[in-house]
Structure formats: structure tokens, C-alpha cells
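Here the structure comes first, spelled out in C-alpha cells, and everything after it is commentary.
The numbers here are math on the coordinates, done by the rules we state, and not lab data. Since this is a predicted model, take the numbers as computed values, not measurements. Ideal geometry is used to build each Cβ from the backbone, glycine not excepted, and the neighbour counts take in all protein chains shown.
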Amino acid sequence: MDKALATIQFQRYIVEKIDFRLNPSYSSQVENPEIDLDISFNHKLAVDTEENFAQLTLSCEISKDYLDSNKPFFLAVEMVGLFSYDTILDGDKRKQLLLRNGSAILFPYLRAIISMITSISSIPALVLPTMNIAKLLIDNNEENGTTNEELPTK
């Protein structure tokens, strides 16, 4: 029987930043307006190949120009997922597995944080739709030329 496929193991996540700002000047002409919130996602991968350990940073910004564009709020969340992985993964497979699967693992936590923060902030809760976050982030990184880095060894 063939050896099982190489895997990553999710250890935990850490919320590194939450920045929420209400727009005191926000006004809407209708009671329940449809608002384009300009949501952007980003990620960064750092790998320690000696320890078989990786940190995947997943971030989201919502309505960065909230004051100028009359949006009800600005929200930025940055979280780091800590992963270990099998030693049989080579560089490209490791990177692909960590970016795709790691992003998919972290995204529900990010969605929950965004929903929770907005629901307790005197505005209707924002519930992000489910999406293929890994594909979105990889496409975004290819467009922006984002790179990944090696963690310093001990």
C-alpha cells in the first residue's frame, strides 16, 4: 500500500491585530442600504525548513477609505496560523499545500472574527460569504508580486 499523502497540521492561530473604526459622519438615505465595502485579503507565508514549521499570516481590510467614500466603518484583521508539516514535502509542494490548505483552514476563523466585531459594534453584523479564499489569495499575490520568506533558523 502506498504511503499516505503528505499533510500539514494546524497547531493554533493568533489574532495579531484588530482595528475597527466607525465613521461618525456616515449617513444613508435608505433604511437598509446595499453597501459596497471594498474587501481585500492578503497572506504571507514564512517557513522554517529545519523545524518543519510554518507561519501563515492572513489579513483582511474592509473599507480602507471609509471616511472619503461614506462607508459605515473600517475594519482590519490580521491573524497568524501556526502549522507543522511532514518532512517529505519538497519546497514547491510545501508552499502550495501551506498556502492553499492553510488559508482554507484559517478563513472560517477570520469570518467569525469579522462577524463578531461588527455584531457588537452597533451596526448590522457583516457575514462574509464562503469563498475559495486560497484561490483568491494566490491570484492576488501573483498580480501583486507578493513573495514568501524563510523563517530564521535557531
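So how do 67-77, 94-104 stack up, highest first, on mean other-Cβ count within 10 Å? Don't skip to the end; give the middle numbers.
Working: 67-77: 16.9, 94-104: 18.8.
Put in order of decreasing packing, that is 94-104, 67-77.
So if each residue of separation counts as 0.36 nm, and I subtract the Cα-Cα distance between Ser27 and Asn52, what length gain in nm does that give? Contour length minus the Cα-Cα distance gives 3.9 nm. Any idea what log10 I(q)/I(0) is at q = 0.17, 0.22, 0.29 Å⁻¹ for the stretch 21-80, Debye with uniform C-alpha scatterers and no solvent? Each listed q maps to, in turn, -0.64, -0.86, -1.14.
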